Amino acid sequence: MLHLLGSSKEIAFLRLFALERHLQTNSEPMGAYSAFIEEYHQLNYMREIGEEEISASCLSYYLPHHAVEKADSTITKLRVVFDASCSTDSGISLNQVLSVGPVIQDELCAIILRLRSIASLLLLTSRKMFRKIRVHSADYPLQRVPWRSSPYL
C-alpha cells in the first residue's frame with residue numbers, strides 16, 4: 001500500500017509557513033513551540049537531515065504539524081500535534097497506508113469498573129510515553145518533519 005502514497009512535501013511546508021505566521025503574533029507560543037522541537041532534537045527523537053538525504057529517491061512523507069493551545073491548562077499550555085492524516089497529492093495519507101495492529105487494552109468500561117474496586121490510585125502523566133516507541137531506520141523517511149528555527153530565512 002505504501003506505493004500509493006503521493007508527495008506530501010508541498011502541503012507540509014505550506015502548513016509550516018501558516019504555523020509560523022500564526023505563532024509570530026505571540027512570542028510565548030512561538031517560544032514554547034521552538035522549545036518543544038529543540039527538546040525532541042536534544043533527546044535524539046529527531047535529527048536534521050542533509051540535502052543529499054532529502055534528494056535521495058526514496059519513499060518519504062513530510063509530517064505536517066500544528067499547535068494546540070490551552071491557555072487554562074496548568075500542565076501543558078501548548079501541545080504539538082503531528083498530522084499523519086494529512087492527504088498527499090494522491091489523496092492518500094500516511095495513516096491510510098499503515099498497518100493497524102490488534103487492540104491491546106480492555107474496553108473502557110471494564111477498566112473503569114476495575115478502577116472502582118481499588119482503594120487508592122496514582123495519577124501519572126503519559127507526556128513522554130509515546131516518544132519511547134522505536135521506529136525502524138528504514139521507516140525514518142516516512143516521518144520527516146519540516147521545521148526551521150528562524151522563520152523567513
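The values are calculated or read from the model by the stated rules, or taken from the named source; none is laboratory data. Source: prediction; values computed, not measured. Reconstructed Cβ throughout: ideal geometry from the backbone, glycine too, with neighbour counts over all protein chains shown. Surface accessibility is based on the protein's heavy atoms, side chains included, excluding ligands, DNA and RNA. Shrake-Rupley method; radii C 1.70, N 1.55, O 1.52, S 1.80 Å.
In the chain the Cα-Cα distances spread across 10 Å bins starting at 0 as 9, 31, 33, 19, 8, 1 percent of all pairs. Taking every alpha-carbon pair under 8 Å whose residues sit at least 6 apart, the chain reaches a relative contact order of 34 percent. Each 5 Å bin from 0 upward holds the following percent of the Cα-Cα pairs of the range 56-106: 4, 15, 16, 15, 15, 16, 12, 4, 1, 0. Surface exposure of the chain, expressed per residue as accessible area with a 1.4 Å probe, stands at 75 Å².
Treating only the Cβ of Lys, Arg, Asp and Glu as charged (+1, +1, -1, -1), what charge dipole size does the chain show about its Cα centre? Round to the nearest 20 debye.
The calculation lands at about 560 debye.
Projecting the Cα atoms of Thr74, Leu63, Phe17 onto the dipole axis of the chain, where Lys and Arg carry +1 and Asp and Glu carry -1 at the beta carbon, places Thr74 farthest toward the positive end.
Highest mean first, the peptides 52-58, 5-11, 73-79 sorted by other C-beta atoms within 10 Å per residue fall in the order 5-11, 73-79, 52-58.
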